[in-house]
């Protein structure tokens, strides 16, 4: 099994007879020697296998324990100028909707709270669903949705920044005001740090073109996924462009990543015929299937091409509680052009976390690979996967896992990793020392959420060559509370495995360059031999 963007040199071919060399000419020789390096190489062939060490779990939100808060849906980001500075943003679903930010100055081992929105912007009554990212210089961006009214309707998207690692923040300013009409849901942000002085900010969202009903989207309008980008730190943005395929009528839950050469990839669900979840109607789990598709932009977000099918036949794991906060698929890209999408799926009877990979920038996709390594169909659930890539090309994944729960109600958090571009995964590694009760969390009085508890829309993960930091929803300290959720995090040490080299590529890149150098050397030697043979022949003819 071989990782993307890496190469393995075959044994050098035997030099052909002179007559064949003359027949092939220079072009033929070039084709011959370039065939020396055309097979990708696995980690075992070029770099030692990665080994992982789990640190001590830390309660990220330990200081926020009043009023039984429900803290979930963490997202993790690391400062590119100093890997010791890591942040976690998360939302609160109880006792009221809000958002939070936690800071670590020691690489994810210890945490302190910050207040990114001390004063709500005009018109917003609550801060909700935050996202976080760093630009190339280490400027921290905190994006959130403002809620207003008795129905907690989204009234705007806001952005604030910190230049001093979370000690102070700029006043939040509204972005995209007036660009579109109707509420925006599932807002996600990513920054391509290779563009300009600081980086290009990309924002995607689901655009509802009418006020939705309780728990669902309006059936009589088209609700597309749109995207914009900014090259000036979020002060101004491009005009919105449509990401989702207009032929797909029930698209939801966008997820965003950036790849090399300014590529932008957006994954989203197509619920197909599932009107029950899309409109938030009462009823059991949808009996049909969904699809996941990816739309890619080769020009830095200016336009998006045809949406490509990643996987169909996806069996929903349960009802979608609220279509606005539906957990998205997770997507990541590496520096060699590989793109990876993971999601939960009940096609094997219980819930598994599956991954599909593309090695050509999102055009073609592999069959799904099962990342959890418990027995297939054993009745234990895995869900809420998140994937991330390290600079050297290692692919990591974290997910909620109930393999240790006899009644299938208690979550642990597990980690796995791939050094061959998602073809195979290391044995799953448990990160939690105590399980969490998945039935602790807020409920919603809407038809689509009857009997269900909110555990959040995502887990968080950031991966570097020497470590990864994972964050998840945890209820071990809930006591008798019915909504008490915290965010926990842990640092996973990594030794071995692929690492980035001086030019930013992975370990496989060194093999590619070595193979290319060998191919060039073979070509030069073959041409020199050809010239000597010709010179000798000419000398014989003169005699």
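Any read-out appearing in this document is the output of simple, stated calculations on the displayed coordinates, not a laboratory observation. For clarity, every value in this text was computed on a predicted model and none was experimentally measured. Neighbour counts are summed over all protein chains in view; Cβ atoms, including those assigned to glycine, are modelled from backbone coordinates with ideal geometry.
Observations, loosely collected:
- Taking a ≥ b ≥ c as the square roots of the eigenvalues of the Cα gyration tensor, segment 288-327 is oblate, since a/c reaches 1.5 or more and a/b is not larger than b/c.
- Considering segment 51-495, its Cα convex hull presents a mean projected area of 18.4 nm².
- Straightening the chain between residue 434 and residue 275 buys 53.4 nm, computed as 0.36 nm per residue apart minus the Cα-Cα spacing.
- Two-site FRET efficiency, residue 167 against residue 247, from Cβ-Cβ distance with R₀ of 45 Å, rounded to 0.05: 0.40
- The gain in end-to-end length when the residue 106 to residue 347 segment is fully stretched comes to 82.6 nm, 0.36 nm per residue minus the alpha carbon separation.
- Residues 499, 310, arranged from fewest to most other Cβ atoms within 10 angstrom of their Cβ, appear as 499, 310.
- Taking the Cα atoms of segment 255-361, the ratio Rg/Rh between the radius of gyration and the Kirkwood radius comes to 1.01.
- Normalising the average separation of contacting C-alpha pairs (under 8 angstrom, six or more residues apart) by the number of residues puts the relative contact order of segment 51-495 at 15 percent.
- Which of 229, 348, 202 has the fewest Cβ neighbours within 10 Å, and the rest in rising order: 348, 229, 202
- Here segment 178-249 is described by how far its Cα atoms reach on the three principal axes: 44, 23, 19 Å, from widest to narrowest.
- When each of the peptides 417-423, 287-293 is scored by the mean number of other C-beta atoms lying within 10 Å of its residues, the order from highest to lowest reads 417-423, 287-293.
- Here r is the Cβ-Cβ distance between residue 404 and residue 363 and R0 is 45 Å; the resulting FRET efficiency, rounded to 0.05, is 0.70.
- Ordering of 240-248, 484-492 by burial proxy (mean other Cβ atoms within 10 Å per residue, highest first): 484-492, 240-248
- Net lengthening on full extension, residue 450/residue 261 (0.36 nm per residue, minus Cα-Cα): 63.5 nm
- Cα centroid of segment 302-330 to Cα centroid of segment 149-175, whole Å: 27 Å
- Over segment 108-248: Rg over Rh, Cα atoms, Kirkwood Rh: 0.98
- Segment 198-264 and segment 408-431 have Cα centres spaced 30 Å apart.
- 103, 226 arranged by Cβ crowding within 10 Å, fewest neighbours leading: 103, 226
- Between segment 73-117 and segment 124-138, the Cα center-to-center distance that results, in Å: 10 Å
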